[in-house]
1. Can you give the local net charge around residue 11? Use residues other than it whose beta-carbon is closer than 13 angstrom to its beta-carbon, Lys and Arg +1, Asp and Glu -1.
2. Just to verify a number: what accessible area does residue 3 come out at with the full protein assembly present, 1.4 Å probe, Å² rounded to tens?
3. Local charge sum around residue 58 (other residues, Cβ-Cβ under 13 Å, Lys/Arg +1, Asp/Glu -1)?
4. Report the residue, chosen from 39, 21, 90, that carries the largest GNM mean-square fluctuation when the chain is represented by alpha-carbon nodes joined by springs under 10 Å.
5. In degrees, nearest 10, range 0 to 90: what is the angle between the Cα axis of helix 89-102 and the longest Cα principal axis of the chain?
6. List the lysines whose alpha-carbon lies under 30 Å from that of residue 51, not counting same-chain residues fewer than 8 positions away?
7. Could you tell me which residue out of 22, 100, 8 lies farthest along the dipole of the chain toward its positive end? Charges go on the beta carbon: Lys and Arg +1, Asp and Glu -1, centred on the Cα centre.
8. Could you work out which residue, out of 49, 92, 78, moves most in a Gaussian network model of the chain, that is, has the largest mean-square fluctuation with Cα springs under 10 Å?
Amino acid sequence: MQETDLNVITHLLKVESEASSLIKDAQEEANKRISDARSEADAEYKKKFEKLVNSLDKDYQEKILQIETDNKNELDEFKQKIQSTERNTSSFNSFVQKVMVEL
């Protein structure tokens with residue numbers, strides 16, 4: 001009877017050891033898969049993030065160029081309008097003399 005009990009206990013210890021080994025292997029495999037998935041997700045995130053940043057930067061640069069062009073055109077139009085305005089120096093001189101006399 002004792003030998004049978006000893007055989008059963010030995011068998012159970014062997015089964016427990018194998019189960020422990022299987023659990024350890026499964027945990028290592030799960031950790032590896034999680035690590036691989038995390039690395040893949042991080043790489044995908046970085047790729048999409050860089051694509052978005054590049055798109056926004058390109059849009060920003062285009063808008064800056066458009067604003068600079070619009071401002072230059074507006075300034076050129078203003079200069080042209082001022083230059084094409086007729087100057088009435090005699091009226092201006094009369095006005096200045098009148099203002100100076102009143103002071």
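1. -3
2. About 130 Å², ignoring ligands and nucleic acids.
3. -2
4. Evaluated over the chain, the most mobile residue of the options is 90.
5. With both axes taken from Cα atoms, the answer is about 80 degrees.
6. Straight-distance partners of residue 51: 32, 63.
7. 100
8. 92
The values are calculated or read from the model by the stated rules, or taken from the named source; none is laboratory data. Being a predicted model, the structure only gives us computed values, none of them experimental. Positions of Cβ are generated from backbone atoms using ideal geometry, with glycine treated the same way; all protein chains shown enter the neighbour counts. Remember, those area values only see protein heavy atoms, side chains included, never the ligands or the DNA or RNA. Shrake-Rupley method; radii C 1.70, N 1.55, O 1.52, S 1.80 Å.
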